[in-house]
Structure formats: structure tokens, C-alpha cells
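Let me begin by presenting the structure, written as C-alpha cells, before commenting on it.
Derivation of every value follows stated rules applied to the coordinates shown; laboratory data play no part. Nothing here was measured: the structure is a model prediction, and the numbers come from that model. Backbone-built Cβ (ideal geometry, glycine too); neighbour counts: all protein chains shown.
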Amino acid sequence: MLGFQHHREWVYPQSVTGSFTTLRRWTFLGLHVVLFVTPWITMGGNPLLRIDWPDRRLYAFGAIFTAADTIFLVLALLFLAFSLFFFTSLFGRVWCGYACPQTVFLESWIRPLELWIEGDRILRKRRDAKGLHWDLAWRKALKWSAFLAVSGLLAMSMVSLFAGARELWTGQAGPISYTFVAILTAVWYLDFTWFREQFCNYLCPYARFQSALTDDESWLVSYDEGRGEPRGKGRAAALAGSCISCNQCVTVCPQGIDIRNGFQLECIQCARCIDACTNVMDRLGHETLVRYSTMAKDEGRKTRTVRPRTVVYGGLMTTLVAAGIVLLLGRIPFEATVNRAPGSSFQADTDGWVRNTYLLKITNNDPARDDVVYDVRLEGLDGAEMLTDQVVLGSTQTRTLPLVVRVPAESVTSRSIPFTVHVTGEERELVIETTFLTGAIENAAGDS
């Protein structure tokens, strides 16, 4: 397979069956459940999983996280990153072969459509080699139309995780949501019709740094050169080399590589070549020549699961999980802010008291509690009185109301006085620090 600067050599992967192909189908099913089913499920009246960008909220399995919970997003992203490092150090590029959306959609939708419309590998190659003709034209038109429909379906399902499935599929979502649907449809259509394996080879950043995450004790798809070589067409099993040069491991590869040439950056560890070689070798009464192995094992050394890099990655993952649990247990299920009313500083009332006006905003992030009463009190201002309404919120509701604080003029000793606002829900309390402006310096200067 050649790069962008050369003529494109199309890859025609042949269909294959086997234990690893079956295993991959189960992992593919899991991703499809998340993508197509999860957006429609609700828990406690809220989405099971949804990223609400306009309201800056994340709904996840009955919990609601807002911008105030950004630390959880950071911990989750770090955990996913180190998980990728950890499993790559153990099993190589297993993400690409078993869970990457690019691989999942190509194997679950695109290749079955090609097989149904155009036939298997040999038929497609022969038909394409003849140039433009009617049989080729109508099949390509039907296939590309099907690809467009699949691209639109996947785009709608992906945006449903952000805009809501019911709103998006019933036409009630906003224009921005449908714009993203159009963009994603175009991206997936380009990938399915032309880009395909080139994304893995030239654009995917994971492919570039995966070699730094693996070592000679990582389990990778490899060829047993000791048993397979020398190879030859029709070589008998009794001779030194068991490889019969059937090239099945090459024809089934979606990346267009020959695994017998050793470890290659383009390999996505999909194990299709293992299934192909296993099918051939079983008929000859031999073990497969392509299998999961490590360089250490091939050299007769022991393969260790516990080694420095796996210990470091595993320790970091454990620390992140522990930190997340501690923060989650201490999380306050509501958020509150106190900001000075726009354009206001302080005001001297006719009764000699000094007034400051704030805006109090409270959001109930507890999806399981309705009609929650929030109490507000002050600390740090002697003799102060507070004027505000009682706050009662349902689940996910937000309310902003004025908070007026008055202090007797005789208790004013400085230009600004720090104090705290305590907002108490049913079980937790949130403390907000702010300042009370008095204008004491200005008043003193005017009196002199």
C-alpha cells in the first residue's frame, strides 16, 4: 500500500470466519448498544448518558455533572488515557482491532454491504479491473447510496448523545445539531468510500506512539517464522517449513500488509490473519503459524505480565479511581454562586444602613430529589440583615434571585468586609466567599 504521493492501491480484504472474528463481533455489538440504545434510555426522568453542551451538563447513569465538576472529567480522561497505555503495553494495538469506531463500522456495516452488493474479493477485483461498464456502474451507485445512508444513520446516532435522541429524530433539535449531523455524515461517507485504512496509516495518532508503549513482552499478532520458513507453494507438512504460501493471511488483511514480514506500524491487531491461517493449518493438521505471541516468548524467554511499565500504569489508574471515589463521596449535589448585581457597588439607605445587592444562583443537580428547600445564611458581618426569597427547586432546575445584604453604618470599619454565604440543601452545605463594600474611605474623605 502506497502513500498519498503515489497511486492508490485499493485493498480488497477477503471475508473470514474464526474465533477471533466471533469475539470481535461481540465487542462490536457492545459499541452499537452504547451508540444506538443508550440515547433512548432514561433514569429518573433524565438521559442515561448525554453530554448537554448548551447547559454544560453531563448526564451519566443517574448522576448529573456540571461545569463545577470539571475535575471528574479530568480524572476520567486521564483514566482512559492510562488505560489505553496499560492495555497497549500488555496486548498491543488491541483498541484498534476490537473497539475503534472506524474498525467497528467498517466491519459491521461497510464490508457486509460490499459483500452483498459486489461479491467477495475476487469478483470485486475483476469487475473493477475491467473499467467503467454497466454492471460496475449500478453496483457502485447502489453501494455508495447505501454508504451514504449508513453515514447519516451513524451521524444521527452520534449526535443523539449530545442533542437528545427524541429531539433529534423528531426534528425538534436546533439547527446547530443538524449541522453537526451533516458534517459527520460527510466525514463518515468520505472515510467509507475512499479513506478507510489510510486513516489508520497516516492520520491516527495512536498508530504513531503505540510502538513506544509496547516492548518485547507485549502480546502482538506475529508469524512463527521458525515453523513457517522456508515456505513454498505446495510444500509438504513433513518438510522444514509449514507455510504453504497460500497468502490467506494477506488477502484477509484490511490494512493490506503481510504479517509474515514481522511487526508493522499498519497492523491494527484485528487477528483476521490468525483466523485465516488457523483455517488453513487445521486442514493440514498443524497449529496456526500466525498467533498472538511476544518477542520474549519467540526467543525462549518468559513473558511477564507484571513489569515496570504495567506497574506504573496500573498504579496510576488505581490512584485516579481512588481519587474519583473520594471526590464523588464528598460531592455536593447542587451548585450555587453569588455575584454582585451588574452596575452596583453599595448604597446608603435613608435609615443609615449600607446596602449591597447580589445575585444568588442555585442549581439542583440531584436527579432523584424534587422540591428541595435551600436555606441561605451569612457569616462574618456583625449585625447584618439579609433579604431574599426562599428557594425551592425541582430536579435539574436553576433559579437566580436577588440577595440584599444590609449592615448598620456604625459597624462599618473598612472599605470592604469579607464574609461568607452559606447555602444549605437537604444534606450538604456550600460556602461561598465574597465581600461587602461600604464606601467608608469615600465617606470619611467627604466629611473632612
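For the reader, a short list of remarks on this structure follows.
- Just one of the listed residues (Leu393, Leu401, Leu381) is hydrophobic (A, V, I, L, M, F, W, C) and touching a helix residue (DSSP H, G or I) at 6+ places or on another chain (Cβ under 9 Å), namely Leu381.
- Restricted to helices (runs of 4 or more DSSP H) entirely inside segment 1-115, those with at least 2 residues that are touching a helix residue (DSSP H, G or I) at 6+ places or on another chain (Cβ under 7 Å) and farther than 30 Å from Thr319 by Cα are 19-36, 101-105.
- The single residue among Val74, Val34, Val11 that is within 26 Å of Cys273 (Cβ to Cβ) and β-branched (Val, Ile, Thr) turns out to be Val11.
- Any hit, segment 263-285, residues being farther than 30 Å from Ile122 by Cβ, among the β-branched types (Val, Ile, Thr) and surrounded by 16 or more Cβ atoms within 10 Å (Cβ to Cβ): no
Yes/no matrix, rows are residues, columns are (1) on the phi > 0 side of the Ramachandran plot; (2) of a type in the set (Val, Ile, Thr):
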position: Tyr223; (1), (2): no, no
position: Arg231; (1), (2): no, no
position: Cys243; (1), (2): no, no
position: Asn261; (1), (2): no, no
position: Gln269; (1), (2): yes, no
position: Val280; (1), (2): no, yes
position: Arg283; (1), (2): no, no
position: Glu287; (1), (2): no, no
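- Members of segment 335-349 found to be within 39 Å of the chain's Cα centre (by Cα) and surrounded by 14 or more Cβ atoms within 10 Å (Cβ to Cβ), listed by number: Glu335, Ala336, Thr337, Val338, Arg340
- Of the residues Asp371, Asp375, the single one that is under 49 Å from the mean Cα position of the chain (by Cα), loosely packed, with under 13 Cβ neighbours inside 10 Å and touching a residue at least 40 places away in the same chain (Cβ under 8 Å) is Asp375.
- Looking only at segment 17-58, and only at residues there that are without any contact (Cβ under 8 Å) to a residue 40 or more places away in the chain and hydroxyl-bearing (Ser, Thr, Tyr), the one that is surrounded by the fewest Cβ atoms within 10 Å (Cβ to Cβ): Thr22
To keep it simple, each residue is scored yes or no on (1) under 22 Å from the mean Cα position of the chain (by Cα); (2) under 19 Å from Phe36 (Cα atoms); (3) surrounded by 16 or more Cβ atoms within 10 Å (Cβ to Cβ); (4) touching a residue at least 40 places away in the same chain (Cβ under 8 Å).
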residue	(1), (2), (3), (4)
Arg124	no, no, yes, yes
Lys130	no, no, no, no
Lys143	no, no, yes, no
Ala165	yes, yes, yes, yes
Thr170	no, yes, no, no
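- Pairing residues of segment 173-199 that are within 28 Å of Pro254 (Cβ to Cβ) with residues that are of a type in the set (Ser, Thr, Tyr) and buried (at least 16 other Cβ atoms within 10 Å of the Cβ), at Cβ distances under 6 Å and at least 6 apart in sequence or on separate chains, gives Thr185/Ser151; Trp188/Ser151; Tyr189/Ser151.
- Just one of the listed residues (Arg301, Arg260) is among the basic types (Lys, Arg), exposed (fewer than 13 other Cβ atoms within 10 Å of the Cβ), more than 30 Å from Leu78 (Cα to Cα) and in contact with a helix residue (DSSP H, G or I) (Cβ under 9 Å, 6 or more places away or on another chain), and it is Arg301.
- Breaking point among (1) in a helix (DSSP H, G or I); (2) surrounded by fewer than 19 Cβ atoms within 10 Å (Cβ to Cβ); (3) of a type in the set (A, V, I, L, M, F, W, C), for Phe147: (2)
- So Ile332, is it part of a loop (DSSP other than H, G, I, E, B), hydrophobic (A, V, I, L, M, F, W, C) and surrounded by 13 or more Cβ atoms within 10 Å (Cβ to Cβ): yes
- Selected residue (only one of Val354, Val404 is under 30 Å from Arg331 (Cα atoms), surrounded by 14 or more Cβ atoms within 10 Å (Cβ to Cβ) and not basic (Lys, Arg)): Val404
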